[in-house]
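The next block holds one structure in the form of structure tokens; read it before the comments.
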Amino acid sequence: MRGARVGLYYAPAFDDPLWTRGAAWLGRDPRTGAICPQPALPDIAALTAEPRLYGFHATLKPPMALRDGITWDELVLATRAIAASVPAFDLPALAVANLHGFLALRETAPSPELQALADACVAGADHLRAPPDEAEVTKRRRGGLSPAQDANLLRWGYPYVFATWLFHMTLTRRLAADEHDLVRPAAEDWFAPSLALPRRVADICLFVQRRAGAPFILAERVALAG
């Protein structure tokens, strides 16, 4: 696992139409790494380049380098322990939203179950995480952090966890106003059929980036309790 990063994510089930629509929108299937034909929208490849690297997902525990000596089996065991403590639950309905300038799928109603799952992932796998180096801390602070976010960065390796965490499935880079006017309606139309369906959060997905700059691959699903 040396040089790799691992994230604990939510992703739709493989047989969920949202999985297919999300992979096609971003232009890559994170299970296989295959390139997917994208919707016919001007500059969509460029607009989705950043989220394409990470794959279609919502972050539970942000990508982390593992401490020296930590093996894949140890990571899976820790994830199983987390998953065993969290019952499967219904995901609230999702909708396309503007989140600080980029488009994302967000839940339309509060979900204590989602928050509890994210919190459990952040805390339960943290003993495996290598601390961020000084360069990473400096980079995160350049964006401007609140005292709470800065405390999270130093304690948990990432600013946006626990009370500062937001569920989101990123669809684009940050957009200019005229880009929003074009892309948001297209995204709403693209995802509408799949967003109309109910879905469960039934597992934690382990996404792996094998080396810096490589795309994240969905390596394993770990089932929640129940």
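Among the residues of segment 143-170, those identified as in a loop (DSSP other than H, G, I, E, B) and either modelled with pLDDT of 95 or more or within 14 Å of MET64 (Cα to Cα) (or both) are GLY157, TYR158, PRO159, TYR160, VAL161, TRP165, LEU166, PHE167, HIS168. The condition (being under 18 Å from ALA24 (Cα atoms), in contact (Cβ under 8 Å) with a residue 24 or more places away in the chain and not small (Gly, Ala, Ser)) is satisfied by just one residue among LEU41, LEU117, LEU91: LEU41.
The test for being free of Cβ contacts under 8 Å to residues at least 24 places away in the same chain, surrounded by 13 or more Cβ atoms within 10 Å (Cβ to Cβ) and in a helix (DSSP H, G or I) holds for ARG140. Would a scan of segment 49-69 turn up a residue that is surrounded by 13 or more Cβ atoms within 10 Å (Cβ to Cβ), among the β-branched types (Val, Ile, Thr), assigned to a loop (DSSP other than H, G, I, E, B) and in contact (Cβ under 8 Å) with a residue 40 or more places away in the chain? No, segment 49-69 contains no residue that is surrounded by 13 or more Cβ atoms within 10 Å (Cβ to Cβ), among the β-branched types (Val, Ile, Thr), assigned to a loop (DSSP other than H, G, I, E, B) and in contact (Cβ under 8 Å) with a residue 40 or more places away in the chain. Out of ALA40, ALA13, ALA23, ALA46, one residue alone is part of a helix (DSSP H, G or I), surrounded by fewer than 16 Cβ atoms within 10 Å (Cβ to Cβ) and either on the phi > 0 side of the Ramachandran plot or at pLDDT 95 or above (or both). It is ALA46. When ASP133 is tested against (1) surrounded by fewer than 15 Cβ atoms within 10 Å (Cβ to Cβ); (2) of a type in the set (D, E, K, R); (3) touching an Asp or Glu at 6+ places or on another chain (Cβ under 8 Å), exactly one condition is not met: (3).
The values are calculated or read from the model by the stated rules, or taken from the named source; none is laboratory data. Remember, predicted model here, so these are calculated numbers, not experimental data. When we count neighbours, we look across all protein chains shown, and the Cβ atoms used for this are built from the backbone with ideal geometry, even at glycine.
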